[in-house]
Amino acid sequence: MKIFVAGATGAVGRPLVSALIAAGHSVVGLTRTPAKADIISKMGAEPVVADGLDASAIRTAIGSAAPDVVIHEMTDLAGAGDLRHFDRTFASSNRLRTEGTDLLLTTAREAGVRRFIAQSYCGWPYAKIGGAVKNETDPLDLDPPAELRPTLDAIRYLEQRVTGSSQP
């Protein structure tokens, strides 16, 4: 199967690409950083360099790859250690979870891609009810601290868009 991984050099993307290749899949890995294209090649995948928010570049990348599956792992965690300014720290990732999700979904649909998988998020976004172990059916926090709201809104957006999406 041919799989397009958007965010192939991130914390989840790298081991995912390696696992997909080990399982015998053909992988096209997207990174926005030209210097990271070599990492993708060394893993055995075909690198594509493009900004995940550039509609023309994403259409070209997915159209050229002609994948069976698109996996959305895009984040921008540079400087993510600054949790005192959580809203600013995650602003770019929030755009990737909203605008980037829409762009990938639309482009995948236009290209006839049959499966779309997106990374969500675990940990702090859950409501503070029930046990410590959560799953996909547990509710998210309805009233997070103000600095966390934009990120939680972006996570909700991604989940609603992907789970509410229909197959081509």
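The values are calculated or read from the model by the stated rules, or taken from the named source; none is laboratory data. Here the structure is a predicted model, which is why all the values come from computation and not from measurement. So basically every Cβ, Gly included, is an ideal-geometry build from the backbone, and we count neighbours across all protein chains shown.
Computed values, structure above
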quantity: Residues satisfying the stated conditions in region 1-49, i.e. within 14 Å of the chain's Cα centre (by Cα), surrounded by 14 or more Cβ atoms within 10 Å (Cβ to Cβ) and either among the polar types (S, T, N, Q) or closer than 19 Å to residue 92 by Cα (or both); calculated: 5, 6, 7, 8, 9, 10, 12, 13, 30, 31, 32
quantity: Region 54-94, residues that are aliphatic (A, V, I, L, M), surrounded by fewer than 16 Cβ atoms within 10 Å (Cβ to Cβ) and at pLDDT 95 or above; calculated: 55, 66
quantity: Selection count, region 109-141, where residues are exposed (fewer than 10 other Cβ atoms within 10 Å of the Cβ) and either modelled with pLDDT of 85 or more or over 25 Å from residue 92 (Cβ atoms) (or both); calculated: 8
quantity: Residue among 38, 76 that is over 27 Å from residue 125 (Cα atoms) and acidic (Asp, Glu); calculated: 38
quantity: Single residue of 77, 20, 104 found to be closer than 19 Å to residue 161 by Cβ and either in a strand (DSSP E or B) or in contact (Cβ under 8 Å) with a residue 12 or more places away in the chain (or both); calculated: 104
